[in-house]
Amino acid sequence: MILTLDHVQLAMPAGQESAARAFYGELLALEEIEKPPALRARGGVWFRLNDGRQVHLGVEEPFRPNLKAHPCFVVDGIMELAERLRRGNAQPLFDDLAAPIVRFYMSDCFGNRLEFADRGWADGGGVNEV
């Protein structure tokens, strides 16, 4: 029986850990965590969400971003996050295809697709306005 999800791994190009830290650590405000010593030589960066789940950025050569497959992050304050991302030159793209879920998609600094959804739908809340 599967109980929960521990982490999701996304690909990144070699030598781009500083870009991963700027995007995931600074722009998305995720906490960076240390990789186990045996895995550090492979490169990449790991981050922890507030609930303890993790996002692992691992080096893939040759690198190819995920254009369709993606994680979906449940967020509190989706409009504030979208504005912060815009100020950081990211391009959140809202859609209403899953209404009443308020969500947007965007690419990370490597071109991987990410989805962000307002926590109101996950908590059984009401319809939110975009």
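Laboratory data are not the source of any read-out in this text; all were calculated from the coordinates shown. As the structure is a computational prediction, the values presented were derived from the model and not from experiment. Here the Cβ is made from the backbone with ideal geometry for all residues, glycine too, and neighbour counts use every protein chain on show.
Based on the Cβ-Cβ distance from GLU83 to ALA14, what FRET efficiency comes out when R0 is 25 Å, to the nearest 0.05?
0.15
Give me the dipole magnitude in Debye, nearest 20, for the chain about the Cα centre, with unit charges on the beta carbon: positive for Lys and Arg, negative for Asp and Glu.
400
For ASN66 and ILE33 in one chain, what is 0.36 nm times their gap in residues minus the Cα-Cα distance, to one decimal in nm?
The ASN66-ILE33 span can extend by a further 9.6 nm.
Round to the nearest 10 and give me the degree value, 0 to 90, for the angle of helix 78-87's Cα axis relative to the longest principal axis of the chain.
50
Report the Cα centroid-to-centroid distance between the stretch 1-20 and the stretch 24-50 in angstrom, as an integer.
Value for the Cα centre distance between the two parts: 8 Å.
Just round it to a whole percent: the fraction of Cα-Cα distances in the chain exceeding 23 Å.
34
Starting from the 7 Å offset along Cα-to-Cβ, what nm value, one decimal, do you get for the label separation of ARG53 and GLN91?
Taking the two extended label points, one gets 2.7 nm.
GNM on the chain, C-alpha springs below 10 Å: top fluctuator among LEU67, LEU57, LEU30?
Evaluated over the chain, the most mobile residue of the options is LEU67.
Taking only DSSP H segments of four or more residues, each worth -39500 (n - 2.57), what value at 222 nm results for the chain once the sum is divided by all its residues, to the nearest 500 deg cm²/dmol?
-3500 deg cm²/dmol
Hand me the trypsin sites (Lys or Arg not before Pro) from the stretch 44-117 located in a DSSP loop with no more than 15 other Cβ atoms within 10 Å, in residue order please.
Sparse-neighbourhood loop trypsin sites (Lys or Arg not before Pro): ARG53, LYS68.
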